[in-house]
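Structure first, then comments.
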Amino acid sequence: MGLTGPVARAVRPPARVTRAGMGGGVPMNASRRRLPGPAGLAPGLLVLVLLGAALWAGVGLREARAAADDREAVLRAAREHAMTLMSVGYQNVDADMRRVLDTSTGQARAEYTRDAASLRETTVRDRLLRTGALRASGIVSLTGDTAVALVVGDAVVRGDGSESAPREQFYRWRMQLVRTSGGWLVSRVEQVA
């Protein structure tokens, strides 16, 4: 049994509006897609923002880690060079001097090579034993493939078999370093007051 009258009209669904007018045909919104509103865009936008932030943070962390690794490598190279300069003994003079050359390049290497013969002669003749100790080190600057570091150390120098009291020598160096294919090497050494 069907409803008639005003009740039937109230319960009946409204007619669909079509291109051909009232009644049959294709619904007007059938060919158009509905674009999502702001609420529909929010989750996608949030995902994009989070991915971008994660990528940015990852790149930043990688760059920070690389910079920290460079700083540590520069300090390690400067400290090693300083220790080799302060620790030369007559018993292993050739190996000790080779270590100085292995940790240097450029002007620093040329100057040490120039003075090596007299240093070797004095060390062997006087049977000198130099024992160095690092006290402090730090980086002044680090830009690309060049760096400047300060190193403070002291050495006790004594003659083996000598009755003279050991001498203390104090050093403060400003070292310029360069990155080479073999790592960081000291290219220039200056005593600072």
(request) Would you pull out the residues with amide H under 5 Å of Arg188's amide H, same chain only if 5 or more places away, H placed 1.01 Å from N? (result) Ala108, Gln176
(message) Need one word for region 103-157: rounded, prolate or oblate. Basis is the Cα gyration tensor (sqrt eigenvalues a ≥ b ≥ c); a/c below 1.5 gives rounded, then a/b vs b/c decides.
(response) oblate
(request) Apply 1/(1 + (r/R0)^6) to the Cβ-Cβ distance of Leu51 and Ala116, taking R0 = 41 Å, and write down the FRET efficiency to the nearest 0.05. (result) 0.10
(request) Mind listing the long-range amide H neighbours of Val88? Cut-off is under 5 Å, sequence gap 5 or more, other chains count too, H placed in the peptide plane at 1.01 Å from N. (result) Arg130
(request) For Ala136 and Gln91, calculate 0.36 nm times their separation in residues minus their Cα-Cα distance, and state this gained length in nm to one decimal. (result) 13.4 nm
(message) Per residue of region 102-111, what does 6.51 cos²θ - 1.76 cosθ + 1.60 with θ = phi - 60° give for ³J(HN,Hα)? Whole Hz please, x for Gly and Pro, Karplus curve as stated.
(response) 5, 9, 10, 8, x, 4, 4, 5, 5, 5
(message) Rounded to two decimals, what is the ratio between the C-alpha radius of gyration of region 39-193 and 2.2 N^0.38 Å?
(response) 1.53
(message) Need one number: nm distance between label points at Thr146 and Glu72, each 7 Å from Cα along Cα→Cβ, rounded to one decimal.
(response) 2.7 nm
(request) For an R0 of 35 angstrom, estimate the FRET efficiency from the Cβ-Cβ distance between Leu41 and Leu61 and round to the nearest 0.05. (result) 0.70
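Each value in this text was obtained by applying a stated rule to the coordinates, not by laboratory testing. This one's a predicted model, so the numbers in the text were calculated from it and none came from an experiment. In this analysis, Cβ positions are derived from the backbone assuming ideal geometry, glycine residues included, and neighbour counts consider all displayed protein chains.
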